[in-house]
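Down below is the structure, laid out as structure tokens.
No lab work stands behind these numbers, since they all come straight from the coordinates. A quick note: this is a predicted structure, and the numbers were derived from the prediction, not measured. Cβ sites come from the backbone with ideal geometry, for glycine too, and all protein chains shown count toward neighbours.
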Amino acid sequence: MASRINPSILAADFVNLESELNRIADADLVHVDVMDNHFVPNLTFGRQMVQRIQDVSPIPLDVHLMIEDADRWAPSYAETGAFSVTFHAEAAAEPVALARRLREIGARAGIALKPGTDAEPYLDLLPEFDQVLVMTVEPGFGGQSFMHETMPKLARVRQAADASGLDLWLQVDGGVTLDTIGIAAENGADTFVAGSSVFKAGEPAEQIALLRERAAAHAH
């Protein structure tokens, strides 16, 4: 199973974003956190900024929408040309219809689950999604500690996806470091969002390679 490393620009220097993106050109995708100060108590940027990141990024965009009313707003992010758009289960009234719309536009459709959200209601819907993001911290801020108690949920989603023969990317986001990435990989994750551990490293390319290596060694 391939191990994808998607650095989160939440940990980047926003003023020098283009050069920061070039520092992570060896990564698989760039994880772009959109926060609206309603769904989560933090504010980042909106569609216009995502479009500019799309214009200059050397790697595809993995957009993570931590916003209310995802049904209304998520399609416009797919229209930027983003490779993948993930919305929160807790913020979507019609998750299946929304996922189908995102796919129609041309993006991969992802659904995210906060640490306290049960995966069971979504397991029968997995064929409608290209990616499930199991949050390993409470969404809203970077630099938090990895929540080990989310691992049984991660393993349950992987088990359901494998049982159905789905090519589903299983992503974790929050507290992913060289110390925790192996634990997530053992529980079925294959796509890893790492912010501080990449951007705060002296050589992001080396850190990306180390994370990928560590994940592959523990792959499900």
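Points worth noting:
- Distance (nanometres) between label positions extended 7 Å along Cα→Cβ at ALA205 and GLU128: 4.3
- Between region 115-175 and region 19-70, the alpha-carbon center distance in angstrom: 20
- Rounded to the nearest 0.05, the FRET efficiency derived from the C-beta distance between VAL15 and ASN37 at R0 = 25 Å is 0.75.
- Taking other C-beta atoms within 10 Å as the exposure proxy, LYS200, LYS114 rank LYS200, LYS114 from fewest upward.
- Rounded FRET efficiency, nearest 0.05, which uses the C-beta distance separating ALA217 from GLU79 and R0 of 30 Å: 0.20
- Charging the Cβ of each Asp and Glu at -1 and of each Lys and Arg at +1, and nothing else, the dipole of the chain about its Cα centre rounds to 120 debye.
- Two-decimal log10 I(q)/I(0) for region 55-112, as the Debye equation yields it once each C-alpha is a single scatterer, q = 0.12, 0.25, 0.26 Å⁻¹: -0.23, -0.92, -0.99
- Neighbour-count order for SER145, SER84, SER57, fewest beta carbons within 10 angstrom listed first: SER145, SER57, SER84
- Region 1-109, Rg to Rh (Cα coordinates; Rh as Kirkwood inverse mean 1/r): 0.96
- Around GLN171: net Lys/Arg minus Asp/Glu count, Cβ-Cβ under 12 Å: -2
- Each label was represented as a point 7 Å from its Cα along the Cα-to-Cβ direction; for ARG100 and LEU178 these points are 4.7 nm apart.
- Of the residues ARG23, ARG156, ARG100, the one with the fewest other Cβ atoms within 10 Å heads the list, and the complete ranking is ARG100, ARG156, ARG23.
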